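These notes concern the structure reproduced below.
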Ligand SMILES: [Mg+2]
């Protein structure tokens, strides 16, 4: 076991985790996940779950994670919807938006004070594109019209696909491709790999970048996000990425581990002072 890795992790207080492919797959937790999170809470500081998935509200995520047996409240959850809301409040206060998103996403935005409408109006200022699992053709047509008219165009995240039991389904990034064919426009992206969502977590938790580490399974969203935000990263090979993929990227993660069970092992050994 790498001694420098144990020393580096010893001083980490904030552990930011991707969910799918990192902590679970198909809703089933990977071994040692609960033990790892408990260890972090008792010996380091805080864990936060970071997801690009904007189809569920933050409250829905808290419930989903609690159901898996993980202690979790709103302070442990960061979503691309939260980051989008933060961006809109900083840059588009009082603007009116048409949202291609689930009712759950729209409700969270409205509760945060973002003005939305569910029909076409000339005075609409922009379109927000999320992972809309309730998408229908009327929404596609209205959004296309607004994007064509040159309105502000923002996407909560760039993921092309979302993993499901049988393989993948089209995600927000794939919807953006569809609109691009019709309008020749691409959206401003908010979620991973952009740094905003990590900046928000650091601001909320009061930890420094040097005290933080991001753990995820995707190079081009999770690891790139940590790198963009200037924090250390751990790639786990339990999800989308294998060692072959790693050869193709210039910027390597700080560390690579098989899975979260291996991370738990490292942290336990560090605690025991079990350096080799
Ligand atoms: Mg993942």
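The values are calculated or read from the model by the stated rules, or taken from the named source; none is laboratory data. Everything numeric in this text was worked out from a predicted model, so none of it was measured. Please note: Cβ atoms are built from the backbone with ideal geometry, for glycine as well, and neighbour counts cover all protein chains shown.
For this structure, a couple of remarks:
- Check on residue 182, touching a strand residue (DSSP E or B) at 6+ places or on another chain (Cβ under 6 Å), more than 26 Å from residue 33 (Cβ to Cβ), more than 16 Å from the ligand (Cβ to nearest atom) and outside the structural domain of residue 12 (by TED's automatic domain parsing): no
Rundown of residues vs (1) buried (at least 21 other Cβ atoms within 10 Å of the Cβ); (2) free of Cβ contacts under 8 Å to residues at least 24 places away in the same chain; (3) within 16 Å of the chain's Cα centre (by Cα), yes/no style:
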{"site": "191", "(1), (2), (3)": "yes, no, yes"}
{"site": "233", "(1), (2), (3)": "yes, yes, yes"}
{"site": "236", "(1), (2), (3)": "yes, no, yes"}
{"site": "246", "(1), (2), (3)": "no, no, no"}
{"site": "253", "(1), (2), (3)": "yes, no, no"}
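- In the condition set (1) within 16 Å of the ligand (Cβ to nearest atom); (2) at pLDDT 95 or above; (3) not assigned by TED's automatic domain parsing to the domain that holds residue 128, residue 172 is compliant with all but (3).
- When residue 160 is tested against (1) within 16 Å of the ligand (Cβ to nearest atom); (2) buried (at least 22 other Cβ atoms within 10 Å of the Cβ); (3) within 16 Å of residue 100 (Cα to Cα), only condition (2) is not met.
- When residue 200 is tested against the conditions (1) in contact (Cβ under 8 Å) with a residue 60 or more places away in the chain; (2) within 20 Å of residue 190 (Cα to Cα); (3) touching a strand residue (DSSP E or B) at 6+ places or on another chain (Cβ under 7 Å); (4) within 16 Å of the ligand (Cβ to nearest atom), the lone failure is (4).
- Top-ranked residue of region 2-40 - restricted to ones that are assigned to a loop (DSSP other than H, G, I, E, B) and within 16 Å of the ligand (Cβ to nearest atom), ranked as farthest from residue 61 (Cα to Cα): 30
Here is a yes/no grid of residues against (1) within 14 Å of the ligand (Cβ to nearest atom); (2) touching a helix residue (DSSP H, G or I) at 6+ places or on another chain (Cβ under 6 Å); (3) within 18 Å of residue 77 (Cβ to Cβ):
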residue	(1), (2), (3)
211	no, no, no
214	yes, yes, yes
227	no, no, no
230	no, yes, no
234	yes, no, no
239	yes, no, no
243	no, no, no
